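Accompanying notes for the structure given below.
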Amino acid sequence: MTDQPHMSADDLKALIGDDLHAEVVTYFADKSGAAPEFVERQVTECLRYLYLVSRHRERLSGLFLPVEQDIDEIWHYLILQTREYRALCEERLPGRFFIEHRSIAYEDYQQEPGREQALEEALRWIPLYCEEFGRFDEGALPHWTVLRFLHQQMRMSLEDIAALEPLDAA
């Protein structure tokens, strides 16, 4: 695995364009009272999520990827910009397909497939994330539930998390 990202934050920002990016950041900074820099990172992590689902459709499609509620709300906002969202999915993201949305809380999701399968699915995306965007940094922790759990509760370093081996699709 490389520490050099294939897709930088600026590359992801270009996928939605400067105007929509600024609109989203302003809207959520005003709504939440969070610093614009923090909201920019939220938007970046949302776009990383969408990029991974698009690029790795066969491995991630239909799986629960545990992003925080704020990331999900940014995704909702993007979806409501229907023309721009369709163009993002079908023209700019690598998979070229419309990414459908379904909101479900992690606790509720664990009830559906079972806790072990939910954990396996949540861990499947970590090596893909590192491959595309480089190793996690501290700025990613607030936005990814499982990443934060592994780092804070399981006491794994960001390097140990980045070294997790890819899981084959079941």
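FYI, it's all coordinate maths here, none of it is from the lab. If you're wondering where the values come from, they're calculated on a predicted model, not measured in any experiment. Neighbour counts are summed over all protein chains in view; Cβ atoms, including those assigned to glycine, are modelled from backbone coordinates with ideal geometry.
With both labels modelled 7 Å from their Cα along Cα-to-Cβ, the Phe149 to Ala163 distance reads 2.2 nm.
Relative protection proxy for 50-58, 80-88, 34-42, from highest mean packing down: 50-58, 34-42, 80-88 (other beta-carbon atoms within 10 angstrom). Using the Cβ-Cβ distance between Leu141 and Asp19 with R0 = 30 Å, the FRET efficiency computed as 1/(1 + (r/R0)^6) comes to roughly 0.55.
How high is the relative contact order of the range 9-162, in percent, counting Cα pairs under 8 Å that sit 6 or more residues apart?
25
Taking a point 7 Å out from the Cα of His6 in the direction of its Cβ, the residues of the range 126-151 whose backbone N falls within less than 18 Å of it are 126-136. Measuring r between the beta carbons of Thr26 and Ile79 and using R0 = 25 Å, the FRET efficiency lands at 0.85. Taking one quarter of the surface of the convex hull spanned by the alpha-carbon atoms of the range 9-162 gives a direction-averaged projected area of 8.8 nm².
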